[in-house]
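Some notes on the structure that comes next.
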Amino acid sequence: MRIYSLSNLGIAKKLPLKNCIFNPMTHTDKMLRGGSLAEKVIVVTGGGSGLGKAMTSYFLELGAKVAITSRKIEKLEATAKELKESTGGECFAVACDVRHYEQVEQMHQQVSDHFGPIDVLLNNAAGNFISPTENLSSNAFDTIVDIVLKGTKNCTMVFGKHWIKTKQKNVNVLNIITTYAFTGSGYVVPSATAKAGVMAMTRSLAVEWSKYGMRFNAIAPGPFPTKGAWDRLLPGPLLKKFDPSKKVPLGRVGDHQELANLAAYMVSNFGGYFNGEVIVLDGGEWLKGAGQFNMLEKIPKALWSILKKAMLKKK
Ligand code: HXC
Ligand code: NAP
């Protein structure tokens with residue numbers, strides 16, 4: 001008799017196949033088996049809201065101990081409490097503005113004192129807003145670059161130097177970037193500039209610091225609805241006018257669990273051969289914008305035979 005394992009649900013018990021109900025998996029299902037992140041200590045910057053919170057929740061479910069950090073301690077504490085209750089995991093809230101190196105050093109110390117050695121750094125904190133570039137003050141541009149690029153640099157340097165000093169191995173850094181890190185984009189120029197820098201840092205250190213037992217990777221998400229992003233990138237009437245799902249060939253925005261599944265896989269030991277990789281998770285959005293003839297999608301089917309005749313006539 002074949003035996004089917006329910007380890008995906010964290011249930012070690014094995015049942016005969018005839019006793020199992022098979023439901024097809026969907027993109028919103030949880031991908032990894034229970035315990036996949038057991039023994040891992042993970043720090044998620046910007047973990048109190050949006051995508052950082054979604055990834056933290058799944059990491060906790062998979063057995064990790066997770067420290068969430070950002071500027072607003074009340075928000076972090078509320079999230080930590082909620083996630084402890086919903087997952088039964090250990091979640092620790094620490095205030096830290098990633099723009100300040102000394103705050104990052106203090107945060108690293110606090111998390112190490114609380115949980116012991118840290119295995120994973122997830123650089124997810126970001127700042128962003130839309131604006132014509134000529135309208136930006138120098139401080140506005142700097143603010144975004146300081147959070148995204150300098151913040152990621154600060155965390156990477158503090159954690160990386162510590163890992164080198166203590167000779168801790170099998171550690172990794174996952175950076176959340178965007179697809180316009182490689183295409184560029186108007187109206188979010190400070191963010192595009194900073195995310196491109198983070199991508200370069202990811203690929204550079206993947207090679208230079210691999211000798212110390214570190215891996216560096218990135219995820220470039222397409223549109224995933226969050227309050228933080230939607231309020232700043234699609235304010236007021238823009239959401240109706242520019243429905244983000246319409247830009248995606250698959251016709252939908254991302255589900256937070258899809259990102260959490262990928263992130264959990266990449267930081268886990270299952271992802272141990274990912275190094276220097278940037279995974280795009282966007283339903284084909286950026287390629288749709290890039291392909292020169294993709295606008296022909298708008299041509300009605302019936303018109304194609306007329307166009308063909310017109311082309312053949314020219315021969
Ligand atoms: C023009 C603006 C502005 C705006 C702020 N500024 N908002 N300029 N248009 N909408 C200017 C201010 O006038 C000021 O310049 C400078 O920027 C700093 O603003 P502060 O409010 O003092 O900064 P701070 O309190 O540090 O807040 C940072 C912030 C804020 C980035 C401005 O929005 C924030 O806290 N964001 C965190 C969360 C976030 O942004 N989440 C979205 C991530 S989404 P002056 O010269 O007046 O001093 C994302 C998606 C990417 O990254 C890809 C999507 C597909
Ligand atoms: P979000 O909820 O606004 O997340 C941003 C987080 O960064 C917040 O929790 C914020 O917390 C924190 N933060 C901001 N400034 C900080 C600072 N100086 N120090 C420490 N933490 C700081 O938005 P999100 O959509 O989930 O974004 C998460 C990540 O995904 C970002 O890297 C973003 O660029 C990326 N991304 C998102 C999308 C999308 O469609 N949503 C697409 C592509 C990429 P505090 O305010 O408490 O500091």
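Brief remarks on what is shown
- So Leu149, is it touching a strand residue (DSSP E or B) at 6+ places or on another chain (Cβ under 8 Å), more than 8 Å from ligand 1 (Cβ to nearest atom) and in contact (Cβ under 8 Å) with a residue 24 or more places away in the chain: no
- If only residues of the stretch 185-202 that are farther than 23 Å from Met214 by Cβ and touching a residue at least 12 places away in the same chain (Cβ under 8 Å) are counted, the one that is nearest to ligand 2 (Cβ to nearest atom) is Ser191.
- Residue under evaluation Ser36, criteria (1) free of Cβ contacts under 8 Å to residues at least 24 places away in the same chain; (2) surrounded by 17 or more Cβ atoms within 10 Å (Cβ to Cβ), criterion not met: (1)
- Total residues in the stretch 68-123, condition among the aromatic types (Phe, Trp, Tyr) and either in contact (Cβ under 8 Å) with a residue 60 or more places away in the chain or part of a helix (DSSP H, G or I) (or both): 2
- The residue that is surrounded by the most Cβ atoms within 10 Å (Cβ to Cβ), among those in the stretch 141-184 that are more than 14 Å from ligand 2 (Cβ to nearest atom) and more than 24 Å from Glu208 (Cβ to Cβ), is Phe141.
Bear in mind that the values in this text are calculations on the coordinates, not laboratory data. Because the structure is predicted, anything quoted here is derived from the model rather than measured. Note that each Cβ is placed from the backbone with ideal geometry, even for glycine, and that neighbours are counted across all protein chains shown.
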